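The values are calculated or read from the model by the stated rules, or taken from the named source; none is laboratory data. These numbers come from a predicted model, not from an experiment. Note that each Cβ is placed from the backbone with ideal geometry, even for glycine, and that neighbours are counted across all protein chains shown. Side chains included, ligands, DNA and RNA excluded: accessible areas come from the protein's heavy atoms. Shrake-Rupley method; radii C 1.70, N 1.55, O 1.52, S 1.80 Å.
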Amino acid sequence: MFDIVIIGGGAAGLGVAQAIYKRQKGLKIAIVEPAAQHFYQPAWTLVGAGAFDIKQSVKPMSKVMPRFVKWIQSAAAIFHPDQNSITLENKDILQYRTLIVCPGLCLNWSAIEGLEETLGKNGVTSNYRSDLSPYTWQLVQQLKSGVALFTQSAMPIKCAGAPQKAVYLSCSHWEKQQTLSNIKVHFHNAGATLFGVAYFIPILKQYMDRYRVNLSFSSNLIKVDGEKKIATFANTHSDGSITFTESAFDMLHIVPPQCAHPFIANSPLANAAGWVDVDPHSLQHIRYANVFSLGDAASSPNAKTAAAIRKQAPVVAINIISYLSGLTSKAIYNGYGGCPLTVENGKIVLAEFAYNGELDPTFKFLAPHIPRRFNWFIKRHLLAIVYWHGLLRGREWLVKTKVE
């Protein structure tokens with residue numbers, strides 16, 4: 001029996017454990033996490049541009065797992081919320097007073113025909129895997145002419161800006177090498193707009209124009225033939241009809257379709273879309289009051305970013321302690337998400353926003369849509385420190401939590 005069981009030892013799981021411990025010591029906490037390594041995933045887009053060392057994006061899980069928790073190195077298999085228990089893959093059963101579900105999401109590589117067989121070769125890469133982001137940089141350096149395709153799968157996805165970050169950073173390199181004019185760049189976006197917050201679209205469109213990127217919206221990658229270097233797209237038109245096009249490529253950067261983990265989607269905790277069904281402000285489950293969720297697995301309609309987790313972790317910590325103590329006060333999450341859009345090597349548009357696309361900048365004296373070297377410095381040098389030594393250590397720098 002544990003006071004709190006946390007499913008997932010990623011940014012959300014470790015961050016919320018620290019946030020709880022900061023506020024109330026002595027609780028019996030378990031973290032269920034099978035992985036032996038912990039990754040700082042926001043760095044991978046920079047790795048794909050030669051601006052970050054991949055070795056600095058990973059640490060042994062044993063080095064970041066809090067000492068005050070019981071680390072159970074298995075995976076959750078079946079939830080029994082009516083019995084306040086979980087069956088693990090190793091068949092053990094855990095009992096809990098409260099549950100936090102935050103195992104991230106599932107990258108569905110197999111949803112694209114032929115993709116798994118060609119990833120990491122034939123010019124096919126993705127910054128969504130740590131072992132492939134160095135290959136992205138290799139391809140960018142090698143490409144002097146030809147066709148470069150970049151894709152973005154349907155929402156929701158981890159870090160909605162990451163697909164076009166790969167476009168900007170690649171084009172920035174080719175521009176500096178004076179080879180961009182020899183390369184045809186295409187960005188196939190399964191969505192209908194360039195970015196989910198309209199305020200930032202004009203500046204992003206300016207950079208797409210500067211790099212002469214051909215934009216295709218409602219265009220979804222469905223098949224890859226790596227040996228022939230041909231990508232097939234399904235294009236949805238305004239009348240609902242779908243046509244299929246093939247495109248030859250020399251380089252193909254892919255963002256895979258993403259979904260909830262099956263063990264969540266098939267559980268009583270899920271909503272119709274498969275995510276943990278929580279109130280978007282309290283992050284407390286709609287039907288099970290002793291269950292909470294944050295990070296990529298939660299149904300809250302915020303951007304799925306590490307920046308969001310920084311603001312969500314204190315909210316869940318306060319609310320779960322309130323629940324355990326029989327109190328009614330609740331912390332409120334406003335939907336904050338952050339996306340440092342690397343529009344060129346050395347400059348970033350720091351997009352920060354809350355629910356309904358409302359701007360929520362940390363530095364309110366700076367116009368958010370302006371690309372700045374200051375923002376690049378934050379992304380390249382400071383955010384990793386904030387992650388490893390802030391979020392994962394319970395230090396809530398620049399985080400203010402509203403409690404009602």
Item to check | Solvent-accessible area per residue for the stretch 209-310 (1.4 angstrom probe, square angstrom) | outcome: 42
Checklist entry - When the chain is treated as a GNM, springs tying every alpha-carbon pair under 10 Å, which of Gly191, Gly295, Gly15 comes out with the largest mean-square fluctuation? => result Gly191
Checklist outcome for this item: With Cα springs under 10 Å, the Gaussian network model of the chain assigns the largest mean-square fluctuation among His237, His389, His261 to His237
Item to check | Candidates Gln138, Gln41, Gln83, ranked by Gaussian network fluctuation over the chain, Cα under 10 Å, top entry | outcome: Gln83
Item to check | Karplus-derived 3J(HN,Hα), 6.51/-1.76/1.60, for each residue of the stretch 378-383, Hz, glycine and proline x | outcome: 4, 5, 6, 10, 8, 5
Checklist entry - Setting aside same-chain residues fewer than 8 positions from Lys400, which lysines have a Cα under 16 Å from its Cα? => result Lys22, Lys311, Lys330, Lys364
Next on the checklist: Can you compute the label reach from Phe244? Point 7 Å from Cα along the Cβ direction, backbone N cut-off under 16 Å, restricted to the stretch 98-142.
Outcome noted: 111-115
Checklist entry - Just the accessible area per residue of the stretch 8-62, please: how many Å² with a 1.4 Å probe? => result 37
Checklist entry - Can you give the Rg to Rh ratio for the chain, taking only C-alpha atoms and Rh from Kirkwood? => result 0.97
Checklist entry - Expressed as a rounded percentage, what relative contact order does the stretch 141-233 have, with Cα pairs under 8 Å and six or more residues apart? => result 32
Checklist entry - Which trypsin sites (Lys or Arg not before Pro) in the stretch 186-281 pass both tests, a DSSP loop state and at most 14 other beta-carbon atoms within 10 Å? => result Arg212, Lys228
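In percent, what relative contact order does the chain have, based on Cα pairs under 8 Å that are 6 or more apart in sequence?
18
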Next on the checklist: For the stretch 261-370, which GluC sites (Glu not before Pro) pass both filters: DSSP loop (anything but H, G, I, E, B) and at most 15 other C-beta atoms within 10 Å?
Outcome noted: Glu358
Checklist entry - If we count every other residue with Cβ under 15 angstrom of His285's Cβ, Lys/Arg +1 and Asp/Glu -1, where does the sum land? => result 0
Item to check | Protein accessible area in the stretch 11-88, 1.4 Å probe - carbon and sulfur % | outcome: 49
Checklist outcome for this item: Taking Cα atoms only, Rg over Rh for the stretch 1-115 with Rh from the Kirkwood formula is 1.04
Checklist outcome for this item: For Lys347, the aspartates and glutamates lying under 17 Å Cα to Cα, once residues fewer than eight places off in the same chain are dropped, come out as Glu175, Asp209
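Output the Kirkwood hydrodynamic radius of the stretch 173-238, Cα pairs only, in Å rounded to one decimal.
Kirkwood radius, the stretch 173-238: 13.7 Å.
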Checklist entry - In whole angstrom, and with the biggest value first, how far do the Cα coordinates of the stretch 192-337 range along each principal axis? => result 61, 36, 32
Checklist entry - Ignoring any ligand, DNA or RNA, what whole percent of the accessible area of the stretch 203-297 comes from carbon and sulfur when the probe is 1.4 angstrom? => result 51
Item to check | Alpha-carbon gyration tensor eigenvalues x 5, square-rooted, for the stretch 241-294, Å | outcome: 36, 13, 11
Checklist entry - Using the beta-carbon distance between Leu215 and Ala289 and R0 = 51 Å, what value does 1/(1 + (r/R0)^6) give for FRET efficiency, to the nearest 0.05? => result 0.65
Next on the checklist: Straight-line reach from Lys228: which aspartates and glutamates fall under 12 Å, measuring Cα to Cα and dropping same-chain residues less than 8 apart?
Outcome noted: Glu246, Asp250
Checklist entry - Which of the trypsin sites (Lys or Arg not before Pro) across the stretch 6-62 are loop residues per DSSP, with 16 or fewer other Cβ within 10 Å? => result Lys25, Lys28
Item to check | Net charge of Cβ neighbours under 13 Å - reference Ala297; Lys, Arg +1; Asp, Glu -1 | outcome: 0
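Once you list every other residue whose beta carbon is under 9 Å from the beta carbon of Gly390, what net charge do they have if Lys and Arg are +1 and Asp and Glu are -1?
Once all neighbours under 9 Å are counted, the net charge is +2.
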